[in-house]
Amino acid sequence: MKQIIQGCLNGDRKSQHAIYKMFYGKMKAVCLRYTRDQDTAQDVLQEGFIKVFNNMERFTGVGSFEGWVRRIMVNMSIDRFRKSKTDILMLGQDTSSEEFEDEIDVEIDEYDKYDFKPEEIIEAMYQLSPAYQTVFNLYVFENYTHMDIAEALGISVGTSKSNFAKAKRNLKKILLTHNHKKANEQDFYSI
Amino acid sequence: MSKIFTPFEEKVRQSMEGYETPFDAKSWNRLEKQIASRGGSSNYSWIVALAAAAIFTGAGSYLIYEHGFKVSKAKGGYAFARFQNQIISNGSNNSISPTNENSLPAQLLSDITLSQNADSGADKISGNTESAYIPLQDRFILQPHIDVSEVQNITPDQEKVTISEENNSRDLKFATNVDKACVGYEVNFNLADSPSEGQYLWNFGDGTFSNKPNTAHRYSKSGVYDVSLSVTSEGGVIRTSVQRDIIVINPSPSADFEWEFVNDPTETPTVKIINISDNANEFSWNFGDGKESEEISPVRSYVDKGKHMVALTVSNEYGCTDSKVKYIPVNTEYKLEAQSKIALGTDIFMPQALKSGKVKFKMTVYQGSTPIFESVNKNKGWDGTSSDGNNVAPGQYPWIVILYNDRTNEEKYFSGLLTVIP
């Protein structure tokens, strides 16, 4: 691995190819979670790898190389989100008000009965608003705290928390519905 | 420090663990091309050096460029840095002074390629969409996704704007008090220097104008706005300064609600409040009686006649808020219509409202402070006997009725004194 990294530092195409091949699948999975379709994920991935190759000398050797590559991919995704924030507004994709309708609650121990496939989760995440999707990703997969998320995305801690709660609720709903299980729908007005 | 995940979060984490997509060999070919097109490492280092100089050099020195720049706007508002009115030829010291260092992340600069155009000899920063020549003093965009091949597609002279030496707008600087605001919020526009004599004309970019030197504006639509200022001096010289994307206006929610009475005529007036707010994702209700709610559409019941305040504050994910206060008129006072006396052996004590309604209640009659009768059934009133089946002594007996409202999860207490006569 050290040799490959050294090769990349020297601009050796073969070493770059080796790194690319080694991390392609895992990093593509990361990018898929943050985008809304395959093509965009692929774009982010390619840009991310270019950044990896161009900034190789910044890898200090502390921590895993994979972790470092992954952080670059995540940061690319965060940058993308930050920059697209205003565009999202203008397209009026804020569907927040309709996302409250009903809630599905599953008893804590019942998750064992479900089997979520990775593709299903990714697919479900495409249905979240970009803000919810990004916050959920950072919290659950990247281990960010709400404070970290707020700082990274330029939002408030409160917004991060509420977006996360709603993202989770929506995701639960999508995934559980997908799993064809009849869950308890809370009907507030029936006595 | 590790976080504790809820079962659902843990389930999602586990489900995604180890997931990889299959390798796509063709994508490497594309990447290889992309790497090649961005030039060798020497080019890259040069740009990093320029970027470093740009960031760390003070505002006193400026970048020289004698040619028009081809600057392109990236699709989807990709990152760019703005340079306002600060590009001047001084012939000796090469650096860039950004208006805001935060807008120039180093990693972005590392993505920039400058290419030489053989036809015009102009240095270019080129991108893939909406290419146009823009005067440097107005805007300078740095952006990734450079594809040299696309440079050829642009006719260099078509929209070329040359920087005018006479351009004297560089000292016409202005700023907003905020860089983000919500629809309907006031944004202040202020000159960097104290206003000079002349006629001011602000164009807020949304079809509205102002001619005060320092001014304020409320936008009515969300978006990113360009704002320009023109000053016509008494001598008739017009100076203009444009600041593109100077302000981001986020959409504001709008708070509103309606209500309907949903109670049975015999129940306490019960109001279902229907939230009809737009673009909001957080709701906060204040009922003026110390009670609050964060539900979307709460239900309330009222005992007293009168106008009851309901205040709703909503906010959206951009922190924009709106409020609405309305008063719900309650025209009827809810009364139990309990008898004040019963005669032993002939009368049954059961408040009229409970008898005719379908409310959930608990009625308790006391002797002193000891409960002697309890009922949750409207057909089971008190006949004046104590728990041992004997008639109580004539006198006064306090009672308490608790009404349960399933919709509001509220309990309402009523009490009175019943006189038992022989």
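The values are calculated or read from the model by the stated rules, or taken from the named source; none is laboratory data. For clarity, every value in this text was computed on a predicted model and none was experimentally measured. Backbone-built Cβ (ideal geometry, glycine too); neighbour counts: all protein chains shown. The accessibility values were calculated without ligands, DNA or RNA, using every heavy atom of the protein model including side chains. Shrake-Rupley method; radii C 1.70, N 1.55, O 1.52, S 1.80 Å.
Cross-link pairs exceeding 18 Å in C-alpha to C-alpha distance, out of A:21/A:83; B:355/B:380; A:172/B:3; B:291/B:326, comprise A:21/A:83; A:172/B:3. Highest mean packing first, where packing is the average number of other Cβ atoms within 10 Å per residue, the peptides A:127-136, B:250-259 line up as A:127-136, B:250-259.
Take the alpha-carbon centre of the range B:263-289, take the same for the range A:1-51, and report the distance between them in whole Å. Answer, in whole Å: 53.
Taking amide H atoms as placed 1.01 Å from N in the peptide plane, the amide H of residue B:259 lies under 5 Å from those of B:274, each 5 or more residues away in sequence or on another chain.
Here the range A:69-83 and the range B:395-422 have alpha carbon centers that stand 64 Å from each other.
Rg and Dmax over the alpha-carbon atoms of the range A:1-82 stand at 12.3, 36 Å. In the frame of its principal axes, the range B:362-420 has Cα extents of 40, 20, 16 Å, reported largest first.
Is the shape of the range B:180-224 rounded, prolate or oblate, going by the alpha carbon gyration tensor and its root eigenvalues a ≥ b ≥ c, with a/c under 1.5 for rounded and a/b larger than b/c for prolate?
prolate
Each label was represented as a point 7 Å from its Cα along the Cα-to-Cβ direction; for residue B:417 and residue A:151 these points are 6.7 nm apart. Taken residue by residue and averaged, Cβ atoms of other chains lying within 10 Å of the Cβ of A:45-56 number 4.
Accessible area buried by the pairing of A and B, both sides summed with a 1.4 Å probe, works out to roughly 5600 Å². Computed 3J(HN,Hα) for the range B:9-16, one whole-Hz value per residue from the Karplus formula 6.51 cos²θ - 1.76 cosθ + 1.60 where θ = phi - 60°, is 4, 5, 4, 5, 4, 4, 5, 8, glycine and proline marked x.
For the residue pairs A:2/A:26; A:113/A:173; B:307/B:412; A:173/B:358; A:26/A:51, the C-alpha atoms sit more than 25 angstrom apart in A:173/B:358.
Between the amide H of residue B:189 and those of B:215, B:216, B:217, distances stay under 5 Å, these residues lying 5 or more places away or on another chain, with hydrogens modeled in the peptide plane.
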